[in-house]
Amino acid sequence: MANIRVCARLRPANSKEDGEALCFTRSDSQCFTLQDEKDEQYMFSFDKVFYEDSEQADVYEFLARPIVTDAVKAINGTIITYGQTGAGKTYTMEGAGILETDNHKKGLLPRVVDELFEAINFCGETPAYKIKLSMNGIANRAVGETRIPLSISSQFSLSSLNFVVSIGKLVLVDLAGSEKVEKTGAEGRVLEEAKTINKSLSALGNVINALTSGQQGKANHIPFRDSKLTRILQDALVSTIVSFELHLEGGSSQTALLCCCSPCLCNFSESLSTLRFGARYNGISLICVLN
Ligand SMILES: Nc1ncnc2c1ncn2[C@@H]1O[C@H](COP(=O)(O)OP(=O)(O)OP(=O)(O)O)[C@@H](O)[C@H]1O
């Protein structure tokens, strides 16, 4: 089974984009073409493309359900949403908002939690599961700790959720906006935060470059320690790297990367860069083993 799935999601145009030209043409459920204002074409192919009419449940079924099912069997899983600000990362990960009651709009996170507990209940007489829940932000802010049944200890901050089930681990990462700092016009503290975020994203890019550009049979240095984000993702990516670089049949992890994009021409260059980032992951295919 391939253990890295890369998908793209093109959200519906929003009110700010009213009347804007679209920058993509559907081919099928895996391929589409992006075109710029000069009509230059860039073809992309992913494991699955979720177009504007896709449902939250569709994304869950394809991207997350297999990972949740395997997490209970102690196979580590990571789900990452990537893309520019406003591209739909949080909508996909969490849903339309905490006041939203429409179940159809529930994001990956609540669906993962529901299914995880369902799967554990279904296990019946298996040994007790210990679940550790933590939320981390790139800014490294810990704002609380709580205890809930099954001795779950939690540490909250901004952008990722991490479960430990038995000896499997599930990490959900809603990455910060990937656009260039100049485009945001940020100043002061916001600018400093944006720089930290960009540093983390660039560290992630470096890790992926190291992962995908190494010569087969040679293990090259993977700069996991360059940012908090890459340290968090190390468990998810390390077995991939060992397996990929050393050509071993190993790797106790599965990763899903969802590239979120605006469908409009005004965001063409950010969408192109997001999709190119995702395309680098394609083609890495490993066999999972139990922890
Ligand atoms: N697939 C979708 N269907 C309907 N609305 C969507 C969809 N994706 C995003 N939206 C809406 O678009 C807006 C921006 O989306 P969202 O907040 O998820 O962006 P983001 O990528 O997380 O941005 P940021 O990096 O700033 O957090 C929100 O109002 C959200 O509800």
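Each reported figure results from applying straightforward, stated rules to the coordinates on display, with no laboratory input. Small disclaimer: the values here were computed from a predicted structure and weren't measured. Every residue, glycine among them, receives a Cβ derived from its backbone with ideal geometry; neighbour counts consider all protein chains shown.
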Given points 7 Å out from each Cα along the Cα-Cβ axis, report the K195 to Q234 separation in nanometres with one decimal. 2.6 nm
What do you get when you divide the Cα radius of gyration of segment 1-116 by 2.2 N^0.38 Å, with N the number of residues? 1.17
Exceeding 32 Å between C-alpha atoms, which entries from my cross-link table qualify? They are K16/K228; K16/K106; K38/K89. K16/K228
